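The values are calculated or read from the model by the stated rules, or taken from the named source; none is laboratory data. In this text, all values refer to a predicted model and were calculated from it rather than measured experimentally. Cβ: placed from backbone, ideal geometry, glycine included. Neighbour counts: every protein chain shown. Surface accessibility is based on the protein's heavy atoms, side chains included, excluding ligands, DNA and RNA. Shrake-Rupley method; radii C 1.70, N 1.55, O 1.52, S 1.80 Å.
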Amino acid sequence: MHIHILGIAGTMTAPLAVSLKRAGHHVSGSDQEKIYPPFSSILKKAKIKVNFYEITKDIDLCIVGSSYDNFENTKKEFQQIKNLGLPYITATEYIAKYLVKKESIVVAGSYGKTTITSLISWILLQAKQHPNYMFGGEPKNKFFSINFSQSDISVVEGDESIHGLDCKAKFLEYLPKYLVLTSADWEHKDCYSSETENTLAFKKLINLLPKDGFLVTNDKSKSAKIISQFSKSKIITYNSNISNYYIDKIQIKENLTTLVINTPTGLIKINTTIIGQFNFENILAAVALCDSLKISTNIIQKSVFSYRGIKRRLELIANKNNILFFDDFAQSTDRIESATQALKQHYPNRNIKVLYFPHASFNQYKNSLKGLDLAFSKAKEVVLGPLKFNLKITKKSRSTAKDYKKIIGTKLIYLPLKKQIVDYYCNSLMPNDILICMSSGGYENNRIFKSIINIFKN
């Protein structure tokens, strides 16, 4: 079967393309003119060529990624697909139709989704459950981020965003029987015009749960607690001292952390090498789900200990001249605060310096910057890199460097040019510093960060 994917270089579509190629399909695709790692590397390794195929009638199925309408070439191809009468389906619908199964596990919320979904998938793999799964990140353990199998179990990262041809929140397509809800905060302001609209999407998700399923909800999140009231299924709580599952004790010793978790049937000791309170809470959510599904405690313990996390999620990528370099995906206030608090928790005597590239779509709106002062409170300084401007956003609503300065204050340094950033860190980084790069992607951002590291390597 010849499958053509529009917007092939995405977190969902690139792994999907590779999986379809492995299944024996002929796969082609298109995206923006120049694509970057990791997706360019993933597709090249699978020998999938991008932006070379002319749309003809020999295509059996077109899968339309959510980013297809960002680029002129993919928009033109989609019009050709319609003109030729070729069958097409969104990437979200494809996952829902062919990967999601009867025993559907969905992980939703404005943070923690990727880590929790990948950890649940990892635990079920070690338990020989052979699950179908899909999540939007690259695990450090050697297993692929998407898998189709004959199992009745599926684990999917459920995103509330609405892009491309999607006409409703992605997670509403995945029909959960079991749901993990970390939060229901209004993060995607580009998709929902009000907090009420955002809340309604999560309420619809909760209403999909059958009576024989259950909801695992974060007791620490106010928005999750409010939404959970609409559940008709069993509710299992985590993350407070009155929850069904909570962390009773944390013991940090160098590169190993022991979590003593209180469960409905007693205490479980979990050892992990990944760091940060937010990751401990992610582990807690995965343990609550898997323990409730009757996965053996021994398998859960071994699986969590062997789990190495997701690349670009507080990932230590270099230690040079006693300077630690971390790479992280953080963009929103919750994720920024979680990452910086984690570093302060594990390295209390080091100076935390942040290189921040705010390229997530929601950061381009002024009203999304509220709370950044508190989010960066653990950082000694914040360097703001070049901003990404969406001309569709009015000047009145569009965020500027002055807006960031007004909220974050004197610790913010705005350096819009690569040379300025590299020169600054070359002259200011000192032993015992931590430099964490926070970026939602972009090849140029990665190049800037690597250039800084290479200076200290040499």
Study note, to complete from the structure: Log entry, pairs with first residue in segment 386-409 being without any contact (Cβ under 8 Å) to a residue 40 or more places away in the chain and part of a helix (DSSP H, G or I), second being open to solvent by 60 Å² or more (accessible area, probe 1.4 Å) and not basic (K, R), beta carbons closer than 9 Å, six or more apart or on different chains, reads A401/Y414; K402/Y414; K405/Y414; I407/D373; I408/D373
Point to revise | Selection within segment 31-68 - farther than 22 Å from I89 by Cβ and not in a loop (DSSP other than H, G, I, E, B) | key: S40, S41, K44, K45
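Go through segment 88-104 and count every residue that is of a type in the set (K, R) and either in a helix (DSSP H, G or I) or on the phi > 0 side of the Ramachandran plot (or both). Steps first, please.
Start the filter on segment 88-104 by keeping residues that are of a type in the set (K, R), which leaves 97, 101-102.
Restricting the remaining residues to those that are either in a helix (DSSP H, G or I) or on the phi > 0 side of the Ramachandran plot (or both) gives 97.
Summing the residues that are of a type in the set (K, R) and either in a helix (DSSP H, G or I) or on the phi > 0 side of the Ramachandran plot (or both) in segment 88-104 gives 1.
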Practice item. Answer yes or no: is there a residue in segment 34-47 that is open to solvent by less than 60 Å² (accessible area, probe 1.4 Å) and closer than 16 Å to F78 by Cα. Key: no
Exercise for review: Could you check how many residues of segment 122-148 are of a type in the set (S, T, N, Q) and open to solvent by less than 30 Å² (accessible area, probe 1.4 Å)?
Suggested key: 3
Practice item. Within segment 338-357, identify whether any single residue is assigned to a loop (DSSP other than H, G, I, E, B) and buried (at least 22 other Cβ atoms within 10 Å of the Cβ), and answer yes or no. Key: no
Exercise for review: Being in a helix (DSSP H, G or I), among the aromatic types (F, W, Y) and open to solvent by 40 Å² or more (accessible area, probe 1.4 Å) is the filter here, so list the residues in segment 241-295 that pass it.
Suggested key: F278
Exercise for review: Taking I421 as the residue in question, decide whether it is within 15 Å of D328 (Cα to Cα) and in contact with a helix residue (DSSP H, G or I) (Cβ under 8 Å, 6 or more places away or on another chain).
Suggested key: no
Review point. Pick from N458, N427, N454, N446: which is open to solvent by 20 Å² or more (accessible area, probe 1.4 Å), without any contact (Cβ under 8 Å) to a residue 12 or more places away in the chain and under 24 Å from P38 (Cβ atoms)?
Key: N454
Point to revise | Within segment 169-191, considering residues that are of a type in the set (D, E, K, R) and modelled with pLDDT of 95 or more, the one surrounded by the most Cβ atoms within 10 Å (Cβ to Cβ) | key: K170
Review point. Touching a Ser or Thr at 6+ places or on another chain (Cβ under 9 Å), surrounded by 18 or more Cβ atoms within 10 Å (Cβ to Cβ) and over 30 Å from S399 (Cα atoms): does that describe L205?
Key: no
Point to revise | Members of segment 58-74 that are modelled with pLDDT of 95 or more, surrounded by fewer than 23 Cβ atoms within 10 Å (Cβ to Cβ) and closer than 26 Å to D159 by Cα | key: L61
Point to revise | Residue selected from segment 358-380 under the condition outside any helix (DSSP H, G or I) and either within 15 Å of C437 (Cβ to Cβ) or in contact with a strand residue (DSSP E or B) (Cβ under 9 Å, 6 or more places away or on another chain) (or both), by the criterion most open to solvent (accessible area, probe 1.4 Å) | key: K380
Practice item. Might you check whether a residue that is at pLDDT below 95, assigned to a loop (DSSP other than H, G, I, E, B), touching a helix residue (DSSP H, G or I) at 6+ places or on another chain (Cβ under 8 Å) and of a type outside the set (K, R) occurs anywhere in segment 296-312? Key: yes
Exercise for review: Specify the residue that is farthest from the chain's Cα centre (by Cα); the eligible residues are those in segment 208-230 that are crowded, with 19+ Cβ neighbours inside 10 Å and polar (S, T, N, Q).
Suggested key: S228
